[in-house]
Structure formats: C-alpha cells, structure tokens
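The values are calculated or read from the model by the stated rules, or taken from the named source; none is laboratory data. What you see is a predicted model; the values in this text were computed from it and never measured. Ideal geometry is used to build each Cβ from the backbone, glycine not excepted, and the neighbour counts take in all protein chains shown.
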Amino acid sequence: MSFTLRPGPRTAMWAKLNEHAARLSATPVRDLFARDPSRYAQFSRERAGLLMDFSRQRLDAPALAALLQLADAVGLGERREAMWKGEHINGTEDRAVLHVALRQPAGAGIGGAAIEKLVMDERTRMLGFAEGVRGGTIRGSTGQPFRCVVNIGIGGSDLGPAMAVQALRAYTQGAPRCEFVSNVDGCRLAEVLETADPATTLFIVASKTFTTLETQTNAQTARAWLAGRLGTAAVPKHFAAVSVNHQAMDAFGVHPEYRFQMWDWVGGRYSVWSSIGVALAVAIGARNFEAFLGGGHEVDEHFRLSPWGDNLPALMGLIGVWNINFMHLPTLAVLPYDDSLRRFPAYLQQLEMESNGKSVMLDGTPVECETESVIWGEPGNNAQHSFFQLLHQGTQRAALDFLLPARSSCGNQAQQNLAIASCLAQAQAFMAGQSAEVVREELRQQKLPPERIEALIPHKIDPGSRPSTIVLFRQTDPATLGRLIALYEHSVFTQSVVWGINAFDQWGVELGKKLTAQLVPAVEDPRGQHGASPGVQQLLGVVERWRG
Ligand code: F6P
C-alpha cells in the first residue's frame, strides 16, 4: 500500500492543525462561547436521528475547516468507496470488510448481488429460528419451549449481543431469558446453570472461528452438563451455533438447521448485525432486529453520502483525531446517561481499541503519531460519584462522550429528567469550570472569614475546557442503538484512514493465545515435561502449593 499523502506530523496539514491547536490551547472554551452566540448552531448537527453537539470541544471554525480538509487529504472518500465496493481493504488478512452489507435492505446490492443474496437468505433463516425459539414453536428434546437462552462466545461474539440485549431490555417481554457466558474460568457458566432447567435451555455457541479457547471450553462444559441430565441424544436440540467453520460445527455435533453462517468479510467486533446477533433476535424479536439493522443502514447511507462537514461519523472521528493528536488527550470516557447502556463502554472498548490499537501503517512502517486512545466509561451518574473528580480537577485530562436519551428506557420519565439535568450540568461544568472570582463570591455569601476563603479558593477552582461531545437521541430503541453503533464504527474507520492503519486485523491478540495454548499443560502438571520459562515455573510452584 502506498499513500497519496502519508498521514502524520511531517505533512503540511498536520503543521497547520498544530498551529490551530496552539492558538486554541490558550483559549478557554467558555471564551469561545462568550465570543460567538451562534456557537451551538455552528458546532452541532442533527442528522440520521441523532443530534451531535460538539460545541464544547476546543475547536473553532478555522480549526474545524482544517480537520475537514484533512479528511480529503488522506483520501477518506476513496477508502470509504473501497470498503463499500468490497475491495480487500483488510490487507494483512486479504479480506473485504463488508459489515455494511449485513444491514442492507433487500435490493440495495451492497457487496454485489451474490453477497446480498447470502446475507438475505441467512438473515431470513436466522430470524425464523429466533422467532421459533421466542414463540415456542422450536422446542427442546422433551417438547417444552425454551425459557433460557445461553450465548457462549467472547469478544465480538459476546460483547455486541450482550450489550444490545441489556440496552433493549424494554423490548424483551415474552422472550426467553438471555444469558451471556464468556470467561474461561467457568464461573459465569456455573452461575447460569445453577438456576437453568436443562429441558428448557438452549445454548448458542457463537464463534467466528469455532476454535477460541474460552468458547470451546464453556461449550464443552455446557454440553456435558446437558448430556448428563437429558442424555447425549438430546444435545442437538439444545445447541445452536454461529461460525464460518463448518467442520468444527460438524465435530461438535451441531444440527444443520441449528447452525448459522457468517463470513470472513465480517470482523468479530463488527458482527452483531450477522447471525452472531441471534441471541439478540431471540430477545427482541425479528421486527425489532430488523429495526436495529435499519438504524445501522440509515447511518451507513448518511456516512456514504454526506459531505464531511455534515457527516456525523466523520466529524466524530476527526474530533477524536483532534483530541488525540493535537490536544494530546490519551483517553476517551464514554458516559451513557441511561443505565440500560451500561455495557456500551465495554462494547466500544473492543470496537475502538482492537480496531485502531495499532502502531504500524498499512505499508508496515511505524506510525509517526499517536493512534487510538484508551476507551473507558460507566453510566454517567455512577461516574459522577466515582471518577469525575479526577476529570474535573486532576492532572490527567480526558475527552468525554456523553450519550443522552431524551426519553426514559423504562417508562420513568421523571427520573430520566434528572439524568438529563445531570448530564447537561456536567457538560456545562466540564466546559465552563469555575473561576477564583466565582468561588470567592460564593464563599463570601456563606460569610466565611477572608483568610478561610483565600485558603479554600485553590481547592475549589475548576479549570474547565474539558472537551466533550453530547450525542442526544430520542430513546434507546432498536433503531437508535443501530444508529449509535454504526456512528462509532464509521468514526473508527475515519480515524484509521487518517492514521493510515488497518482497523480490521488484530494480530496483537494472537501472541497471548499462542502462549496460553503452550502453557496449559504446564499449569495442569507443573512437574511434567513442558517448556515454561524459569520465571513462569517459579509462579507455577506457588500455584501448585496454594491450589491444594
Ligand atoms: O480477541 C480476539 C478475537 O479474535 C476477537 O477479534 C473476536 O471477536 C474474539 O476473539 C472471538 O473470536 P471467535 O468469534 O472466533 O470465537
């Protein structure tokens, strides 16, 4: 891969953006608001069912214009087209990247006619199965309907469906309970099995490769549990699977009608839209799952067709570049003001950090600038009462994304109004801060002695200018959740193009997998023949002593 413009600090664009950054770093954001009454209108956009207010970012019109030019200079439009056309933009794995094909409506032809047909056929099969499980026409080996669906998967085969089932709880009435099991220690599985009735439990083994240690281990444990209670012959009626690996599904004994296909052109962390979302489809039903896909497709079309200055995912990605590379903020806190979105930050951690946690460019040379920031977060009100102190007054600074629904997810609008007030208050406080003069006046009103006032002032000053974006939406419903995920997916893509990196491979996680496989025999039998290093052997000695 050669670059028309090698992104990074050596370019004139970068130098220009650095000049804007130097100028703006000396300007409190509250002054930008004071100078320009139209700031909200200039730095907010309502598109595709979402409102993005980025007026509290440390940006002005010339800096934003330079960021938009950067998108053109790095060829964002060409890369976007290449993705849509199914070119192998995931070069290190020689694969197309077509998650956008998964959420297309019939007739859209995304990925070409053959891929569209594959997607539509598989979607119909998967949704038919999900409805059958949901409605009780597909039953277990004893003839009883399923009351519990256990998704066994990890990473992209867990985080998306688990987050979405939680987020859309309000749409799950009448559905079997959906549980998610991912970790290899087996504790979560044990917890789920404690209250599960084998006759009414369906396991879904979700694994693109069907080789992942955690998933395979939990799936084997679940199968043994079921076979031990209902007999081996019952297993095929209680196990569905989603994978590209048919051989492995054969070996596991998955019935052909209970297995669903995915393709190597769907990355794990982009796969919730595929049959990997079958647990979500069981939970919310086919119509709502289609609405979820529809929301994603709406943002796809918006991203594909809108000029950068009006394009929410591109703007979000470019603002991220601004904060990471020019404001030097190494972390982004994601703060939903809706408890049902409590797994959204964890979902975004994989989407963003597994995608863009890279330090070489597409041509294998080292990047010359920072790439992905650390993503973290919690529901906003919880965060206020734990780590917001550091964000307000600590020495480490972070960028912030507030996710804010106008309507309650659980029908309690009075309490959602308090969440809205909390979110807007925090965004304002992070932006405006609190000056010494304001603190002094407040303490005077409280009739404190002057020396006490002066002693307290340094502790109560809040510097402000902590940059934040508010993403406001009507409600956490299926279509909106689809829009939100697609918004972040294309923002991640935008950033990867600016940095000239591959957002679709994940070689870094492979080393740990390889070493784990080598170490399993050593952990099982520390005194046996194995190649564990001396340092590891020391630890294994202690493990052996303590595990009894
Ligand atoms: O953690 C690495 C990874 O390969 C992720 O990209 C993926 O989502 C996860 O493991 C699970 O993989 P699989 O779906 O193949 O079990």
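When segment 149-192 is examined, which residues are found to be among the β-branched types (Val, Ile, Thr) and more than 21 Å from residue 242 (Cα to Cα)?
Hit for segment 149-192 is 172, nothing else.
Somewhere in segment 159-178, is a residue in a loop (DSSP other than H, G, I, E, B), crowded, with 18+ Cβ neighbours inside 10 Å and among the hydrophobic types (A, V, I, L, M, F, W, C)? Break it down stepwise before answering.
Applying the first criterion (in a loop (DSSP other than H, G, I, E, B)) to segment 159-178 yields 168, 172-176.
In the following step, the residues that additionally are crowded, with 18+ Cβ neighbours inside 10 Å were identified as 168, 172, 175-176.
Filter once more, so that each one left must be among the hydrophobic types (A, V, I, L, M, F, W, C): 168, 175.
Yes: segment 159-178 contains one or more residues that are in a loop (DSSP other than H, G, I, E, B), crowded, with 18+ Cβ neighbours inside 10 Å and among the hydrophobic types (A, V, I, L, M, F, W, C).
Which residues, taken from segment 532-548, are closer than 23 Å to residue 212 by Cβ and not in a helix (DSSP H, G or I)?
Our first condition is that a residue be closer than 23 Å to residue 212 by Cβ; within segment 532-548, this holds for 532, 536.
Once the filter is applied, which keeps residues that are closer than 23 Å to residue 212 by Cβ and not in a helix (DSSP H, G or I), segment 532-548 yields only 532.
Please tell me if residue 461 is aliphatic (A, V, I, L, M), touching a helix residue (DSSP H, G or I) at 6+ places or on another chain (Cβ under 9 Å) and buried (at least 22 other Cβ atoms within 10 Å of the Cβ).
no
Could you please find all residues in segment 213-272 being within 11 Å of the ligand (Cβ to nearest atom) and of a type in the set (Lys, Arg)?
The one that is within 11 Å of the ligand (Cβ to nearest atom) and of a type in the set (Lys, Arg): 269.
Go through (1) in contact with a helix residue (DSSP H, G or I) (Cβ under 7 Å, 6 or more places away or on another chain); (2) free of Cβ contacts under 8 Å to residues at least 24 places away in the same chain one by one and return the number of the condition residue 441 breaks.
Unmet for residue 441, out of (1) in contact with a helix residue (DSSP H, G or I) (Cβ under 7 Å, 6 or more places away or on another chain); (2) free of Cβ contacts under 8 Å to residues at least 24 places away in the same chain: (1).
Looking only at segment 444-480, count how many residues are in contact (Cβ under 8 Å) with a residue 12 or more places away in the chain and not in a helix (DSSP H, G or I).
Number satisfying all stated conditions: 17.
Quick check on segment 279-312: of everything there that is over 21 Å from the mean Cα position of the chain (by Cα) and under 16 Å from residue 102 (Cα atoms), which residue is surrounded by the most Cβ atoms within 10 Å (Cβ to Cβ)?
Once the filter is applied, the top-ranked residue is 286.
Only residues in segment 151-162 that are hydroxyl-bearing (Ser, Thr, Tyr) count as the first member; pair them with residues that are within 10 Å of the ligand (Cβ to nearest atom) and part of a helix (DSSP H, G or I), Cβ under 8 angstrom, at least 6 apart or cross-chain, and list the lot.
Short answer, once both residue conditions are applied: 157/215; 157/268; 157/276.
Checking the conditions here, which among 365, 331, 371 is among the β-branched types (Val, Ile, Thr) and touching a strand residue (DSSP E or B) at 6+ places or on another chain (Cβ under 6 Å)?
On the way: 365 fails: touching a strand residue (DSSP E or B) at 6+ places or on another chain (Cβ under 6 Å); 371 fails: touching a strand residue (DSSP E or B) at 6+ places or on another chain (Cβ under 6 Å).
That would be 331, the only listed residue that is among the β-branched types (Val, Ile, Thr) and touching a strand residue (DSSP E or B) at 6+ places or on another chain (Cβ under 6 Å).
Would you pick out the residues in segment 494-512 that are within 16 Å of the ligand (Cβ to nearest atom), closer than 28 Å to residue 396 by Cβ and outside any loop (DSSP other than H, G, I, E, B)?
496, 508, 509, 512
Kindly evaluate residue 132 against the criterion of being touching a helix residue (DSSP H, G or I) at 6+ places or on another chain (Cβ under 7 Å), more than 16 Å from the ligand (Cβ to nearest atom) and assigned by TED's automatic domain parsing to the domain that holds residue 177.
Against the criterion (touching a helix residue (DSSP H, G or I) at 6+ places or on another chain (Cβ under 7 Å), more than 16 Å from the ligand (Cβ to nearest atom) and assigned by TED's automatic domain parsing to the domain that holds residue 177), residue 132 does not qualify.
Would you be able to say whether some residue in segment 98-105 is at pLDDT 95 or above, in contact with a strand residue (DSSP E or B) (Cβ under 7 Å, 6 or more places away or on another chain) and assigned to a loop (DSSP other than H, G, I, E, B)?
Looking through segment 98-105, none of the residues is at pLDDT 95 or above, in contact with a strand residue (DSSP E or B) (Cβ under 7 Å, 6 or more places away or on another chain) and assigned to a loop (DSSP other than H, G, I, E, B).
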